[in-house]
Each structure stands twice: as C-alpha cells, then as structure tokens.
1. Under the condition of being under 16 Å from the mean Cα position of the chain (by Cα) and not small (G, A, S), which residue from the stretch 189-202 is modelled with the highest pLDDT?
2. For T3, state whether it is β-branched (V, I, T), at pLDDT below 95 and out of contact with any helix residue (DSSP H, G or I) (no Cβ under 7 Å at 6 or more places or on another chain).
3. Just to be sure, is R117 of a type in the set (D, E, K, R) and either in contact with a strand residue (DSSP E or B) (Cβ under 6 Å, 6 or more places away or on another chain) or surrounded by 17 or more Cβ atoms within 10 Å (Cβ to Cβ) (or both)?
4. What is the one condition in (1) touching a helix residue (DSSP H, G or I) at 6+ places or on another chain (Cβ under 9 Å); (2) open to solvent by 60 Å² or more (accessible area, probe 1.4 Å); (3) not basic (K, R) that I142 does not satisfy?
5. Go through A46, A67 for me and flag whichever is open to solvent by 10 Å² or more (accessible area, probe 1.4 Å), modelled with pLDDT of 95 or more and in contact with a strand residue (DSSP E or B) (Cβ under 6 Å, 6 or more places away or on another chain).
6. Sort out which residues of the stretch 35-80 are aliphatic (A, V, I, L, M) and in contact (Cβ under 8 Å) with a residue 40 or more places away in the chain, and write them in order of number.
7. Six or more apart or on different chains, Cβ under 9 Å: which pairs go from a residue in the stretch 81-101 that's surrounded by fewer than 17 Cβ atoms within 10 Å (Cβ to Cβ) to one that's β-branched (V, I, T) and part of a helix (DSSP H, G or I)? Could you list them?
8. Can you tell me how many residues within the stretch 120-139 are surrounded by 17 or more Cβ atoms within 10 Å (Cβ to Cβ) and hydroxyl-bearing (S, T, Y)?
Amino acid sequence: METYPPPSALDITGLILAGGRGTRMGGIDKGLALLDGQPMAAHVIARLAPQVNSLIINANRNQDSYAAFGAPVWPDEQPDFAGPLAGLQAGLRHCGTPYLATAPCDSPYLPHDLVRRLAQALASAGADLAVASIREGSDQDIWPQPVFMLLKTALLTDLNDYLQGGGRKMETWYRRLNYCETLFTDADAFRNINTREQLLQR
C-alpha cells in the first residue's frame with residue numbers, strides 16, 4: 001500500500017453544501033436560518049475556514065446572500081435539487097486545489113480538527129477519499145458521516161460518470177472507490193439541525 005504525507009491546508013479547498021430544499025424546516029434555506037443571532041452557514045464558515053486554503057459554497061437559492069459571506073457560490077449542475085452528490089460535483093468542478101473538504105451548512109458545531117484528521121487518515125490509508133464516522137446508538141455502532149469528507153479533486157471524472165448513469169446515493173458512489181474512514185469521538189459535533197424545533201432547542 002502506497003502512503004504519502006497528509007495534504008496541507010494550502011492544498012485543500014473547503015466546500016459548504018447549502019443546496020438543499022430545507023423540506024424538514026418548512027422549505028426555508030437552512031444555511032441562512034439564524035442560530036444565536038447568526039446564519040447557520042456563518043457558524044460553519046467560522047469553523048471550516050481556518051482549516052483550509054479557501055472556501056466555496058454550493059447553493060441553489062439565495063445566492064447573493066451566500067455570496068455576502070465572501071466566498072464564490074456555485075449552483076448544482078444537475079436539475080431539481082439532486083442532493084449532496086450534485087453539490088459535490090459543483091464543488092469539484094470549481095475547486096482550485098488538489099483536494100476538497102466538505103461540510104453541510106446545517107452542522108454548526110463541526111470539529112475544529114476535522115480536516116487535519118481526515119487528511120491524516122487519507123495519507124495513512126493511501127486512499128483517495130476519507131469519510132468521518134461516529135459511534136452512536138445503544139450498541140455504539142459506527143456510522144459514517146459522508147457529507148464530512150476529504151477527497152482528491154481528480155475524482156470529478158468518476159463522479160460525472162456516476163451521475164450521468166443515474167446514480168444519486170452518496171454511499172453507493174464513494175464505497176466503489178479507494179476510501180477510508182476515521183472515527184471521531186464527539187458525535188454531537190456532527191449533528192445537523194433539520195427542523196425549526198431543533199433550531200430553537202440549540
């Protein structure tokens with residue numbers, strides 16, 4: 001197995017996934033919903049930006065509002081809100097570094113060491129893609145968190161082919177590849193806020 005040094009932050013662009021419909025939150029744009037007086041996307045940006053070289057945002061609505069955060073905004077290339085893989089495709093298409101790290105706009109407590117640990121796992125495994133995972137449930141089973149990933153930008157070609165063939169499932173796509181997982185102990189850091197009730201409880 002070939003291993004290599006972990007990519008540095010200079011080699012990594014961060015992608016914030018904000019392209020969903022927000023159905024479970026009544027159709028509002030989750031990334032712009034206020035949490036502690038700030039849009040949720042602002043909380044994600046504050047945590048992710050120090051870990052990467054630069055940021056880009058995938059958004060299909062309210063693009064001017066997202067652009068106000070100071071990062072380029074790109075919509076899906078696929079029609080009809082095709083899910084996180086469509087957002088990933090847009091991010092890879094416009095990524096200016098060899099690696100891309102992803103995080104959703106509705107997970108404002110993501111780990112401060114997310115990218116560093118994913119980079120270490122990627123290098124140790126000689127992988128092309130690293131996914132965060134957590135232990136959760138009464139049996140403490142391991143659950144992948146694939147919207148938190150680090151991957152080589154060169155995987156765009158494979159993703160294009162997968163989407164063109166009608167594929168839509170994140171897990172089905174990345175499990176075909178040379179991937180690895182890294183376990184994080186703080187499961188709460190990966191919790192997303194999907195409903196108005198969850199937003200008010202935070």
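The values are calculated or read from the model by the stated rules, or taken from the named source; none is laboratory data. Only a predicted model underlies this, so the values are computations on that prediction, with no experimental measurement involved. Here the Cβ positions follow ideal geometry from the backbone for every residue, glycine too, while neighbour counts run over all protein chains shown. Calculation scope for accessible area: heavy atoms of the full protein, side chains included, ligands and nucleic acids excluded. Shrake-Rupley method; radii C 1.70, N 1.55, O 1.52, S 1.80 Å.
1. F190
2. Working: β-branched (V, I, T): yes; at pLDDT below 95: yes; out of contact with any helix residue (DSSP H, G or I) (no Cβ under 7 Å at 6 or more places or on another chain): no.
So T3 does not fit the description; no.
3. Working: of a type in the set (D, E, K, R): yes; either in contact with a strand residue (DSSP E or B) (Cβ under 6 Å, 6 or more places away or on another chain) or surrounded by 17 or more Cβ atoms within 10 Å (Cβ to Cβ) (or both): yes.
Answer is yes for this residue.
4. (1)
5. Working: A46 fails: in contact with a strand residue (DSSP E or B) (Cβ under 6 Å, 6 or more places away or on another chain).
Within the list A46, A67, the selection yields A67.
6. Within the stretch 35-80, the subset aliphatic (A, V, I, L, M) is 35, 40-42, 44-46, 48-49, 52, 55-57, 59, 67-68, 71, 73.
Of everything in the stretch 35-80, those that are aliphatic (A, V, I, L, M) and in contact (Cβ under 8 Å) with a residue 40 or more places away in the chain turn out to be L35, M40, A41, V44, L48, V52, L55, I56, I57, A59, A71.
7. G96/T153; P98/T153
8. 1
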